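Worksheet for the structure shown next.
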Amino acid sequence: MTYPTLTHHGGAQGVTGSCHRLQLAPDRALLVDCGLFQGQDAESADNLEQHRVTFPVHDVLALIVTHVHIDHVGRLPYLLAAGYRGSILCSAPSARLLPLVIEDALKVGFTRDRTLIERFLEEVHSRLVPLEYQTWHTLIDDARHHVRIRLQRAGHILGSAYVEVDIQNPAASPSLRGAALTPSLRGGEADAAVQPPPGSPRRSSPRDDALASSLRGAQPPSSLRGAAAQPPSSLRGGEADAAVHAPPGSPRRSSPRDDALASSLRGVQPPSSLRGAAAQPPSSLRGGEADAAVQPPPGSPRAFATASGLAMTGPRDDGGAVSSGPRDDGEEVSSGPRDDEAEEATTRIVFSGDLGAPNSPLLPAPNPPERADILVLESTYGDRVHEDRSTRQARLKAAIDHALENNGTVVIPAFSIGRTQELLYELEDLIHQATDPHWQDLEIIVDSPLAARFTEAYRDLKPYWDLEAHDRLDHGRHPLAFENLYTVDSHEEHLQTVDYLARTGRPAVVIAASGMAAGGRVVNYLKRMLGDERHDVLFVGYQAEGTPGRAIQRHGPRGGWVQLDGERIDIRARIHTIGGYSAHAAQNDLLAFIQGIPQAPKEIRLIHGERDAREALKTEIETWAEANGQAVQVTCAA
């Protein structure tokens, strides 16, 4: 069998559950992302079995996280429960944000036990290895392989990255170097290639056994059974609130998932440097910089990376010092070796993660890689073209003007991380430019404790903002902390806010999770306001098939209805969709990304998209390649 090979454990034929295995040898692999399945990608109401990690993890040397959306990281607890003991590599901003995402997912999806949650977060912190952008990091350097990775800005959310993997097999013949994946392995499933070498027993530690047995037969909480094939609300972008706590005065009851998480941590001690640290991340993770604090203490789980041959190095291959990371002006400082130094002897595989659209608020646009022999490319919007920024801002203003005229509310379902912060950035600009006094008094309400925490983290990570955002800061503006901005914290305050806006008709803009209206606090706003023509509902992100958001988007403009929490609601509010605010690149952006690579990839494998989107993008790429004399093999992952 010829290596490397590529296998998909999720995200191949849908837009959620991203998880991709790069097999370097029978006993060596890298994993890129490990996310939850959502919407129609979820197989059943009880999707515990679907999320349980059944693929081999003994050979996985490192997990590389492209960004912290739950459909890319939500299976992390299941991965650790399956016995994964390696490092979690991601950008420095993602290292700051990831614990927030995992904490929220655990609160609703797994356990209410604060002690268990804190221990699990300590475990995550001990494995995090923040990497700066534009810097090569050597993972393996021995007689068998030289493997290095580099993260580049993806422009999707803060901290998002696409991943360049350089693979050199010193023992391989020159004819194999730089070759595309073999046809028999394209779109393949997990097979013998990822099993231990013949004759070698599959070794498991006592901790592995405890983790495996703890999840065997575990059932989801009763509140989740029969939930219309949706994951828990927190895993769909929602927040933990009073609904997940036991009634006052009742004894704390452990659920099967509590027991599973407890078993997964049994016998695992946090590194000495973390004990007694109130479950806080290292200072480097709180400030967004990589420093000595993130090095693995001796004997810690993350030290497994080094023991397995992972040399987490930042210096350039030529021995020079590395200068990397964001400058005060928001631009990157180039670092690392020239790509042509070992070009002939290596295969470069690029994983796009989720690419952002150009001119997105706060984030620098992604630049194409200098080289990609094999490009694993997302295709979420492979069949669509977005509006430009001026058009989308004008449409956002028009929807709010309608609410001001009709004393209504604009309800915007938005995920807590990424979209919420971009919307706040745009709303601050509209208020700043407005001459109408009603705009000056307009309340912008973020009804999401998690979104408020992410927004605070975004503010702390200003060095990673783009030049335009820094220019606003230099002029004394505060794009994510302006006077009209209010946040709603407790569940009681949330219910009071919904009732107040529905009764009084005070104009306001409400941003609440989840972004696909599949759970979270936005559902209460929709139940009260969808039937009232004074109000507007504005979708600014992708609505997956099978979610309430897609149903409202599809049937609302025709005066249809939607079912929320088992209740039929006729839609009289105005429904808007503004594609330009999508965090995903459109078809033309994806084509530009490919066309910007100096030498066209030998193979492009399309992932992370519904069938029509993947097929449309495949046709466009093949048309471009034929017209320009490029020999590119385009496949849709299976």
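The values are calculated or read from the model by the stated rules, or taken from the named source; none is laboratory data. Keep in mind it's a predicted model, so treat the numbers as computed, not measured. Note that we place each Cβ from the backbone using ideal geometry, even for glycine, and neighbour counts take in every protein chain shown. SASA here: full protein model, heavy atoms, side chains in, ligands and nucleic acids out. Shrake-Rupley method; radii C 1.70, N 1.55, O 1.52, S 1.80 Å.
Carbon-plus-sulfur fraction of the accessible area of segment 389-577, 1.4 Å probe, in percent?
Working: 3350 of 7510 Å².
Here carbon and sulfur together make up 45 percent of the probe-accessible area.
Is segment 389-577 rounded, prolate or oblate when judged by the Cα gyration tensor, a ≥ b ≥ c being the square roots of its eigenvalues, rounded requiring a/c under 1.5 and prolate requiring a/b larger than b/c?
Prolate, because a/c is 1.5 or more and a/b exceeds b/c.
Write out the trypsin sites (Lys or Arg not before Pro) in segment 138-170 meeting two conditions: DSSP loop, and at most 12 other Cβ atoms within 10 Å of their Cβ. Show your work: numbers first, answer last.
Numbers: sites: R144, R148, R150, R153; in loops: R144.
Listed in order of number, the matching sites amount to none.
Whose amide H sits under 5 Å from the amide H of T577, counting only residues 5 or more places off or on another chain, with H placed in the peptide plane?
The answer is F539.
What distance in nm separates the simple spin-label points at D532 and N359, each placed 7 Å from Cα in the Cβ direction?
Here the answer is 3.5 nm between the modelled labels.
What is the Cα radius of gyration of segment 1-136 over 2.2 N^0.38 Å, N being its residue count?
Segment 1-136 yields a ratio of 1.03.
Amide H of T135 versus every other amide H placed in the peptide plane: which residues, excluding those fewer than 5 positions away on the same chain, fall under 5 Å?
When sequence neighbours closer than 5 places are left aside, the close amide H contacts are L151.
As a test question: what accessible area, to the nearest 10 Å², does L131 have when a 1.4 Å probe is rolled over all protein chains in place?
In the full protein context, L131 sits at about 10 Å².
Just to verify a number: what accessible area does T138 come out at with the full protein assembly present, 1.4 Å probe, Å² rounded to tens?
10 Å²
Cross-link candidates for K602: which lysines have Cα within less than 23 Å, leaving aside residues fewer than 8 places away along the same chain?
K618
Just the number please: accessible area per residue for segment 418-474, 1.4 Å probe, all protein chains included, in Å².
Numbers: 2040 Å² over 57 residues.
Solvent-accessible surface per residue comes out at 36 Å².
Heavy atoms only, probe 1.4 angstrom, no DNA, RNA or ligands counted: give me T455, T623 ranked by accessible area, highest first. List each step's numbers first, then the result.
Numbers: T455 10, T623 80 Å².
Listed by decreasing accessible area, they come as T623, T455.
If you roll a 1.4 angstrom probe over the protein chains with everything in place, what fraction of the accessible area of segment 1-160 belongs to carbon and sulfur, to the nearest %?
Numbers: 1490 of 3420 Å².
Heavy-atom surface of segment 1-160 belonging to carbon and sulfur, 1.4 Å probe: 43 percent.
Report the accessible area of H58, computed with a 1.4 Å probe over the heavy atoms of all protein chains in place, in Å² rounded to the nearest 10.
The accessible area comes out at roughly 70 Å².
As a test of reading the structure, rank T497, T2 by solvent-accessible area (1.4 Å probe, protein chains only), most first. Present the calculation step by step, with values, prior to reporting the outcome.
Details: T497 25, T2 55 Å².
Output order, biggest surface exposure first: T2, T497.
Considering only protein heavy atoms, with the full assembly of protein chains and a 1.4 angstrom probe, order E387, E468, E405 by accessible area, largest first.
Of E387, E468, E405, the descending order of accessible area is E405, E468, E387.
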